[in-house]
Structures are given as structure tokens and as C-alpha cells.
Amino acid sequence: MNGSVILDRRRVLAGGGALIVSFSLPDAFAQEPQAQTPAPKPPGSLAKTPYLDSWIRVDADGTITVFTGKAEIGQGVRTAIQQIAAEELDVPFASLKLVTADTSRTANEGYTSGSNSMKDSGTAIQNAAAQVRELLIAEAARRLNVETENLKTENGVVIAPDGRRLAYGDLVASEMLHVQAQAKSKLKDPATYKVMGQAVPRVDIPAKVTGGAAYIQDMRLPGMMHARVVRPPSYGAELIECDVAAVEKLPGVVKVIRNGNFLAVVAAKEFQAIKAMGALSAAAKWREKPGLPKQDDLLAVLTSLPSQDSTIFEHNDPSATGQKTIEATYTRPYQSHGSIGPSCAIAQLVDNAMTVWTHTQGVFPDRAGIAEMLRMPAESVRLIHVEGSGCYGHNGADDAAADAALIARELPGAAVRLQWMREQEHGWEPFGPAMVTRLKASLDASGMIAAWNFEVWSNTHSMRPGGAGSMLAAQHMAQPIAVPPPKPIPLPEGGGDRNAIPIYKFPNAQVVHHFIPAMPVRVSAMRALGAYHNVFSIESFMDELAKLAGADPVEFRLKHLDDPRGRDVIEKAAQGFRWQKGQKAPADRGFGFAFARYKNLAAYCAIASEVEVNRETGRPRLVRAIAAVDSGQVVNPDGLINQIEGAILQSMSWTLYEAVTFDDTKITSIDWQTYPILRFDAVPEKIEVHVINRPGLPFLGSGETGQGPAAASIANAIANATGKRLRDLPLTRKRIKDAIDA
Amino acid sequence: MMSLKVNGRDHQVDADPDTPLLYVLRDELKLNAAKFGCGLGQCGSCTVMVDGKAVLSCVTPLLLLEGRQVTTLEGLGTLDAPAPIQRAFMEEQAAQCGYCIAGMMMRAQALLQKNPKPTDEQIRAELQPNLCRCGTHMRILRAVHRAARLMDAAALSSTTRGSAR
């Protein structure tokens, strides 16, 4: 029998408790009667993966397992998802098992990125859990001969008015949950939430603070060997000579792999692999070619490269005319994800099936890339997500996974652990793209913005795999796979143009996206993508305009903003900061404010900052930052606060210190000495995050909403402190000092 | 073979004397807490204690450790019986990805053993060598303050118990 057992759910729900199990033909036929009027899709990732048992399984012993295609990357998603499932299933939080991104076990939810995990997976699991609970109640109603509305659930048990109880595990029959989700679920009333909305401690933290095996770096498979790659010294370098004989004789060395420009060594012990890597690196002779642009003139570089130009927003109202016009250009350098732990992966080829344990953000697309590189069918490749160090976007994770797979193929049966070195992560990760924005705006006689012009120049913000050509190993092997042509990420999410369209209401506005296909420096997705620089630019320029209008920055923003939720976060942050119109900061200090709604469709965030500037040295110091955030229904308030605190500090580090450096041939920022980031001496005195909860409203996702506002709020505070406007990131002490002295 | 004392136990280690302590801990002794971050002594994620002092295990060769006492995060407490510093980091939820946290905790532990009541400035100064990329710094600082209070309370209660006998 090919047809699966499918519960006729409509009849269950309509039929007053009669559970009818019917046999149904496979999907294509089953769907046919509905073909004329396409049924509304269930929400979140249920739309693509509709079967309830893809998300939730209930075993006869009562064990409940929840499956998410998203991955824990330090953002706390495991805990939040588990809270959602526990709430809607009505089971104790700790009783649930959670399986995350694994090509053999979970739904394909693409990448864990874009602040989309709660919107996609959280919503899917919330609805799946509610529908599973309904099915269990319906089954209990049938068995107990009680109306469904008279049954209640509690701690994994259905309870009848007369006290009879049936545990979920006793109720579930083999295929009972193998049904497609309905478009609508009977979700709980947020007022009754017991687990959602609580600051439940993160499930992953205990192991992390007691030396448990918490990361892929801590995985030890039986007989596991250690590999290191020797990367070319620069982009496009060719290996012209490499005598591997001496390296092969080194203690512990199992194999040296040379495949075109791909060089690697495998040894029994980790430090043996490192020593062999050093020897192999010394033995390799490369032909390098200069091809990098001028690092100190990115403005000219980016604006002179060929671009595909599109007007992404236009609004005209001839009745509004400007009196005073200003223009400004802002730049952002290439910036590094800067993961503290360099990328790592373990791969093992057994019986022509490749398994890769990886901290990639996208096990399914990465599998497609690795399968293509190895010329294997995708079904023979399995990717399992294991947590790594925080990635903040597309760092070396996917490349390390491909490296490990290419190496493990040469040693069938053996588990091979590939660990990148610090200089490899810094030198080879795909950076956050450099960007240029050019703004021009006019104020009318009343000091309102009459016309707004915004242009942004940028590469793509995603070269994530899907194809093998996105991975270094595939690019470097003897029969290389070409880097796929870059594509802009379409709006409304956008890439280089993410948040380029202003959220404010201007009578005349035009936004142009100059998409630059040529990528002289390897780039891809970094937390917030183009929104970081676009919000930095828009919110800096708003302050420049407020100054021109003689208006208070907070008041000026509110005057141009209709969105009530946006207004609420602005008012909340201003209130928390005790922002007052015309208020002067203490000597050598400045106050700054900024706001954005991430992607103009995710979480709202406003940040007020106080920055101190040492006029002698130019050194800026963030003294305090007060944020307000509206992320819709809050699942874990402490998790949300943790994300925003982190966003502010990370963005502050990007904004004040960070730029990838290079000469005409190679990347020269290859460690923490040459790519300095925030250290404790620059940590502010206080960060405060005010959460505006919106019970029952959709999850908005908040991992990236703070990046842009934090940058602009700090820049505005520096301008307020010094009277000088800095428009080129990073706002280093030297640039500040030069501006003060100018 | 070299002998090495880690978390109160003697180990015979089959590694070259130039092997950095980090790889001995991770590879030979199968300990997880000390992390590889840079191998250059720049980030602090490999921090452990040697004779009570915070040391960067990625740049400390095995040959320098003969007769010394090495303590890793595993040696402070366990999941079931966490040390004050571990309790403090859990209670403050002082981690995002957490990769840097074990190193932070070891450096803070070394500080608190030497100076049980550090000021905020002293904690910041002490933690300067350790990098965190997630931006968990505010929570780390709170957790170290909390650990100091917990250790103080523990010391106090053991003194009280002692005098009652």
C-alpha cells in the first residue's frame, strides 16, 4: 500500500469528537478536489512543510520531540522554540526534546538568518503544537465519549470533567499526526500563557559554563583524525610547486591532499596537523596576482564600478517644495564577522554516504553545494548542524564544511575534523560588503522634509551556498566550479538596499539602488546586511536635517513618522534616556538618537546614546545606551534583551573600530592585532533595553534590528559632542581627532 | 611521556614538549572548556589557571608546566554541583554563543581568588585580554560581581559553620 494513513481532520474538527481515520491517496490526488479554490496556506514554515509530524512527534511513552529546521547560533532559538511548543502543547517546558537543523530529520527551513527564525519556525511550531493538541483532545473525546469543549489539557494529559485522564502518549496512534496543518489554529489566549513571555533560562547555557560538549569543536568521534588546510596566500593565487614528500614523513601525518589549488593535511593528533600545516605551507610556492582595489578610496572604487541601477521607491507631491537643501555621502568599509572560534567541521564518508557535522546556517542549501562539489546525489549527503562559535552571518562555516567533505572523501571511513586557523578565518571569510550612500534632502519653510533622495552602491549581501561555486574548496580544486553570478536579494527584504526605503513619510522621495556585480573582495551576508549602513546613513542624515531645521532630533523624527509602533519605541527610548528637547550633554559628551524598523517589516528599535569624546586624543567612549524594542509577541524577554544588548555592543565595535585591510594583492587584517575589536576598556557603564510586548501579534524577529540604530545613535552622539559630523565608517579616534582639529 | 597535573589529578601525557597546553587539554585529556580562538594569545578563549594565575593555554608549551597545577573550568564545578562562578554565569544568563565564556570565567576566577571584592574597574581591567564578539560584556561584568558575592557568602557560611562547632 502506497497511500499513507491520513486522518480526515476536517471531519474530526467538525464532527463533535468523532475521530475518523480514513485511507487516502498520496498528496497529488488528495489535493485535487481543492484545486479550483486554493486553500489558504498554514502560517510560517508550515506553508512549505505542512505535515504536523514533520514538526512534532509524540511517542507512546509520552516523549514529545519537536523538530525545527533552524539552528542555534547563540541567539537562544532553542529555548524560544521549546517555550512556544510547551505553551501550545500544554506540556512542561523541560519535558520536550528538541531536534534542530539536520537534513535527515528536520524540515528544510533554508537559512537561519535575517531575524526570521521566530517568524518562520516559531510560527510553524506554535501552530503545529496547537493543532496537535486539538487532535489529541479530539481523540480523547472519542474515547471518553465527552464533548471536546468539556476537556482540558494540563502537563501532557487530557482531563475530563469527571476527573478521568488520558496521557498524550496513550492517545496518539501511529499515523495520527501525519496530517497536513490547517490554515488556522486554535491558539491560546496570550493572557493565559504560562511559558511564553517568561524569562526561561537558556537550555544551552549550563553545558557552556561547565565544560560540557557544547560546540562542534568539542565533538570527538571514534578514531577521529585532525585536518588543516593550507589556503593560498591571496585570492586567485595558483599553486605552482609543492614538494609534499617531507611533510608526509612528519610524525602523525596520515595524508597530504593536493587537488589543484586545494591543499590539506591530515594527522592523528591536532597539534601534529598544525605542525604539518606549517611545513606544507612553507613547501608550497604560489603565483599571486594583484587585483584588489584601493582600500583607502572605497568611495571612488564603488561608485566607478559598473552597476545595475534601479529606482526602488518613488513618491512625488509637487505641492511640497524645498527651501534649504543639503547633501552628504556616507561610506562603510568591508567588515569582518570576526567569530571568536574559527570555523570547524567534521566529515565522514561511509559506504558512499557523506555525513558532515557543521555550524552552517543552512544545512539544506549547504548540502546541495557539497553534493555538487563531490558529484554525489544530494540524498547521499547528510548535513547535521552542531553549534559553533557565533557567526553573525555567512562566515567560514560553509567553507569549512566543504573543506572537511573534500578531505574526508580521500579517507573513506575516517571521521575527519577540520579546524580553520585564526588567520584563515580572518583572511578568507566572506566579508560584510563595503557600501556607499549619497543623500540629498530639502526642508520646506516650516522645517519639514519636502524632498528626499537616497542612493546606495553595494555588492550583493548574499553569496551563500546553494551552488558549490560559493565554497572555497570547490573554487580551489583542480576542476574548479566557478563562483555563481551574484544576485541582489529582492525587496521587501533587500540586500544592499535593505532599509534603503525610508520608513518616514516624505512628500517627495526617490531611492536608487546601484547593484555592483563585480566583487573584488570576497563578500556575503553579515548581520543586518545593507541595513547596517543604510540605517546609519538615514539616521545620521535625519540628525543633520534636524540641525538644519533647528529641531530636536527626537521631535523631528516623530514629526515625520506615522507608524504608531515606531512612535511608541521612539517615545519609550527617549523616556528611558530622559531625553529632553534642547538638553545639553555634560562637557565633552554628546547625546544621540536613532530609530529603524528592521527591513521595514521586522522588529522596531530605537536607541539613545551618550558618548564621551576625549578632545586630546579623539577617543570616543559609549557611556550609556538606552534602547526600546517592539518585536511583536515576546517569547523570552531576557533572550530578547540579550540580543539587543549584544547588537548595541557589536555594532558599536563595527562603528568605532572595524575595517578589513588589504594591499593590492592580499588581505592584511588577519588576526585581532590587525583587526581590533571592542575590548572591556570600552564597554559602556550601562545598557538598558525596554521591551514593548505585543501580546498575540506576530513574532517579528529581533536578532538584527539593533545594528543600524546603534551605529547612527553613536554617530549622532559624537556629532553632538564635537560639533563635527563623521560620515565614513569606522568612526575611529583618528578620524574624530582630525575632525576636531580641522 | 610528560606528567601534568590538571584539576588535581596527575596525567601522563604522550605529547611533544613544545605542544601548547591547549592541545594537551583538548586532545589528550578530552576536556572541552578551554577553547581554540586564535592560537596567538590575542583573544583569551583558551584561558585556564596555572598555580592560581590566568594563563593563555594556546601559547603555553607543555614543557613549562612540569610540577605546576593546571585548573580548567571543569575543575571548578559540575552541572550538578556548580562552582559559584558557574552559578553566577547561569543566573545572569551571561552568554550568547558562549564560546568565549569559559575563558572569561577562568580569568575572573583567578581574579576573585586573589581579590575577593574587586571593584568594577578592576574587573574590567582584568578581563581586558579576553574578547567577546556577541556583545555579552554587560552580563559578564554582572556575573563576575555576582560570583564575588556568592563566593563571599559561601566563605561566610563556612566560617559560621566552623565557629558553631
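Each of A:ASP351, B:ASP14 has some number of other Cβ atoms within 10 Å of its Cβ, and from fewest to most they run A:ASP351, B:ASP14. Shape class of chain B from the Cα gyration tensor (axes a ≥ b ≥ c, square roots of the eigenvalues): oblate, since a/c reaches 1.5 or more and a/b does not exceed b/c.
Taking a ≥ b ≥ c as the square roots of the eigenvalues of the Cα gyration tensor, region A:82-186 is classed as prolate, since a/c reaches at least 1.5 and a/b is larger than b/c. Against the compact-protein benchmark of 2.2 N^0.38 Å, the Cα-based radius of gyration of chain A scales to 1.02. Modelled this way, with points 7 Å down the Cα-to-C-beta line, the labels at B:LEU156 and A:GLU149 are 5.8 nm from one another. If both residues of a DSSP beta bridge must be in the protein assembly as shown, then about 75% of such bridges are antiparallel.
Value of Rg to Rh for region A:322-477, rounded to two decimals, is 1.23; Kirkwood radius and Rg both from alpha-carbon coordinates. The lysines whose alpha-carbon is closer than 25 Å to the alpha-carbon of A:LYS255, local same-chain residues fewer than 8 away aside, are A:LYS269, A:LYS275, A:LYS285, B:LYS30. When +1 charges are put on Lys and Arg Cβ atoms and -1 charges on Asp and Glu Cβ atoms, the dipole computed for chain A relative to its Cα centre reaches about 620 debye.
When the helix-only estimate is applied to the protein assembly as shown (DSSP H runs of n ≥ 4, each -39,500 (n - 2.57), divided by the residue count), what is the mean residue ellipticity at 222 nm, nearest 500 deg cm²/dmol? The per-residue figure over the protein assembly as shown is -8500 deg cm²/dmol. This ranking places A:LYS48, A:LYS186 by how few other beta-carbon atoms lie within 10 Å of each, fewest first, which gives A:LYS186, A:LYS48. What lysines could a cross-link reach from A:LYS48, if we take a straight Cα to Cα line under 22 Å and drop same-chain neighbours fewer than 8 places away? Within the straight-line cut-off, A:LYS48 pairs with A:LYS70, A:LYS119, A:LYS184, A:LYS186. Cα-based values for region A:318-365, radius of gyration first and Dmax second, are 24.8, 74 Å. Just the ratio, please: alpha-carbon radius of gyration of region A:492-559 over 2.2 N^0.38 Å, N its number of residues. In units of the globular-protein estimate, region A:492-559 measures up at 1.33. Expressed to the nearest 5 percent, the antiparallel share of DSSP beta bridges inside chain B is 85 percent. Listed from fewest to most Cβ neighbours within 10 Å, the set B:GLU121, A:GLU387 follows the order B:GLU121, A:GLU387. Listed by chain and number, the aspartates and glutamates whose C-alpha is less than 17 Å from the C-alpha of B:LYS53, apart from same-chain residues fewer than 8 away, are B:GLU66, B:GLU74, B:GLU126. Computed over region A:29-123, the convex hull of the alpha-carbon atoms projects to a mean area of 7.6 nm².
Readers should treat all values here as calculations from the given coordinates under stated rules, not as data from a laboratory. Fair warning: this is a prediction, and the values are worked out from it, not measured in the lab. For neighbour counting, all protein chains shown are included, and Cβ atoms are generated from backbone atoms with ideal geometry for every residue, glycine included.
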